[in-house]
Amino acid sequence: MGLFVLILVGYAFILTGSVFGKSYLFEVPVWEKGCLSLSFSVLLDNVSMIFVGTVLLISGSVATYCKWYMAEDLYYSRFTSLVWLFVMSMMLMILVPNLVMLLIGWDGLGLTSFLLVAYYQNNKSLSAAMLTALTNRIGDVLVLFSVSIFLSEGSWLIYTYYPVQTWINLGFMVVFAGMTKSAQMPFCAWLPAAMAAPTPVSSLVHSSTLVTAGVYLVLRSFYIISFDPFAMQVLMLLSLFTLMLAGSSAVFAFDLKKVIALSTLSQLSLMMFSISIFLPFVSFFHLVTHAVFKALLFLGAGGLIHMNQSIQDVRSLSSLWQKLPVSMGAMSVAIVSLSGAPFMSGFFSKDLIIELSMMDSSITYGCYLLELLGLIFTSFYSARIVFSVMLGSNYTNNNSLRAHEHWHMQAPFLSLGIGAVLLGVVLSSKMEVFSFVVVLESGEMLMIFLIPFVGLILWWKLLSSLASSPWLLVKASGFFLSMWFMESLTSHPVKTSFFKGSGAVFQTLDQGWLEVLGPQGVYVGLAKISYANEIIQKNYFTYQLVVWGLVMGAGIGLTIFM
């Protein structure tokens, strides 16, 4: 009952925020010294209220889902405690505009995500958790640099703040801090690896919390980063390349959770691209709608994986529409919204980004091409999930024709499904910052409308061409499954450098000076002393005889010659 109330409170916050026209800043002084002061601040405006409502809605739905999914887990109470600590860290990240206090939520997300990704405590989970933690530490360092720069501002407020002095490096640091948290190129290797966490955690992490924290920081700090045109250009190029990378890799991935994770990465890239073309509120609109339908898609995928002996390979899943009709219905709603089908939530935010980018004369044709290709890949891998997992047939034996779907599983589908269908139209009609007049030619409008269908046609053509050329299939799969070798180029050198550094320290200190001056040196010294003592004791009587002979000889000599 409490979780149901939490879901209702989430929807209430979203609706209230959509008509909320004022901003309130609450400050409690914590420390003052000279001209510097530190206070705990809370910012309440329409953006923070809508995002808090979204987090409450998704966390309430995921917590309800966990009662079924994690029911047999021995450490269920510890798991739920970590999840709620994770949610509280995200709430601090959303509400606190103070850069110093924001670090509590920022680092809290990093710590709790490490513990949740490593929850199963096997080699895969531990390596993925370490990769996630080390990548996010780069963003933590950049935020600390931003704190040091803000010392000259006389204030620590960064959300919706106009800086007194224009610092060239500040916008660059904030942008790259957000890129590490939101897994943009070249920091994108950790996001698919974080799929080692339990599926409800993946639903929470990859929809509205950890990965969106970077986007939220960048769009809330938009007035600061807009002063740095170089940072905006870098953000645009890297977000477009990440959009292409994630979409093309998802087409060839076989792990269902990895496909959805790469889908999240592509949508995050679209949000970052929207910010780079000076559309922060449109980016936030897509962030909210994407959070709801992506959480729904993850929960639906978790249900079918859980009921199929934890099989995640899409080649081993087929005809699940008959076995799990409610889960497949929820996934269908999420996939249709993800593809940007008309009148779904994803349509209102996603198409708005495409249309407004086409109206921007500063964007080159190369950027248009990358954007459209990246978005075509969305319907490409969406069609692959539908036709292989839901409607396809293979030689896998289904142990039942119809599985029982618990109400703890169906209730989150209903709560999130409503948002996936209606949230876009409600927010676009209520909020003035989401309303734009779009003027495009008929050819451009037709191009946007045909994006999902072009993806379907390309999926069919590529499937038939690769089936006739096994060599091309092997080569293409190797390239795209490694995310354009981005995992090898970014994560592996970092891990290798750490291993080599620790090996050098081990040889120099543990096997070097510490051994010479410490236990090993003491051991060698005592051994030498013991050996000398052994020799002396072994030849004791010989030494005594020799000494006695020398003394007697000397005495006899003195007696004779004296």
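Any chance you could count how many residues in region 37-54 are buried (at least 24 other Cβ atoms within 10 Å of the Cβ) and more than 15 Å from residue 418 (Cα to Cα)?
Matching residues across region 37-54 total 4.
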- Query: In region 316-344, what residues are under 30 Å from residue 354 (Cα atoms) and assigned to a helix (DSSP H, G or I)?
  - Reply: 328, 329, 330, 331, 332, 333, 334, 335, 336, 337, 338
- Condition check for residue 6: under 21 Å from residue 213 (Cβ atoms) and more than 24 Å from the chain's Cα centre (by Cα): yes
- Cross-chain or 6+ apart pairs with Cβ under 8 Å, region 112-123 first and assigned by the TED database to the domain that holds residue 190 and under 11 Å from residue 85 (Cβ atoms), then open to solvent by less than 70 Å² (accessible area, probe 1.4 Å) and among the polar types (S, T, N, Q): 112/89; 113/132; 113/136
- Message: Any residue in region 76-100 that is under 16 Å from residue 49 (Cα atoms) sitting within a Cβ distance under 7 Å of a residue that is open to solvent by 30 Å² or more (accessible area, probe 1.4 Å)? List the pairs, counting only those 6 or more apart or interchain.
- Response: 92/104; 95/42; 96/42; 97/157
- Task: With the checklist (1) modelled with pLDDT under 75; (2) within 34 Å of the chain's Cα centre (by Cα); (3) surrounded by 11 or more Cβ atoms within 10 Å (Cβ to Cβ); (4) assigned to a helix (DSSP H, G or I) in hand, flag the one item residue 496 doesn't pass.
- Result: (3)
- Task: Pull up region 345-381, narrow it to residues that are part of a loop (DSSP other than H, G, I, E, B) and of a type outside the set (Gly, Ala, Ser), then point me to the one that is surrounded by the fewest Cβ atoms within 10 Å (Cβ to Cβ).
- Result: 364
- Is one or more of the residues making up region 1-8 assigned to a helix (DSSP H, G or I), small (Gly, Ala, Ser) and buried (at least 17 other Cβ atoms within 10 Å of the Cβ)? no
- Message: Take residue 100 and tell me if it is surrounded by fewer than 17 Cβ atoms within 10 Å (Cβ to Cβ), part of a helix (DSSP H, G or I) and modelled with pLDDT under 85.
- Response: no
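The values are calculated or read from the model by the stated rules, or taken from the named source; none is laboratory data. Since the structure is predicted, the reported quantities are computational estimates derived from the model, not experimental observations. For neighbour counting, all protein chains shown are included, and Cβ atoms are generated from backbone atoms with ideal geometry for every residue, glycine included. Protein only, heavy atoms only, side chains kept; ligands, DNA and RNA dropped before computing areas. Shrake-Rupley method; radii C 1.70, N 1.55, O 1.52, S 1.80 Å.
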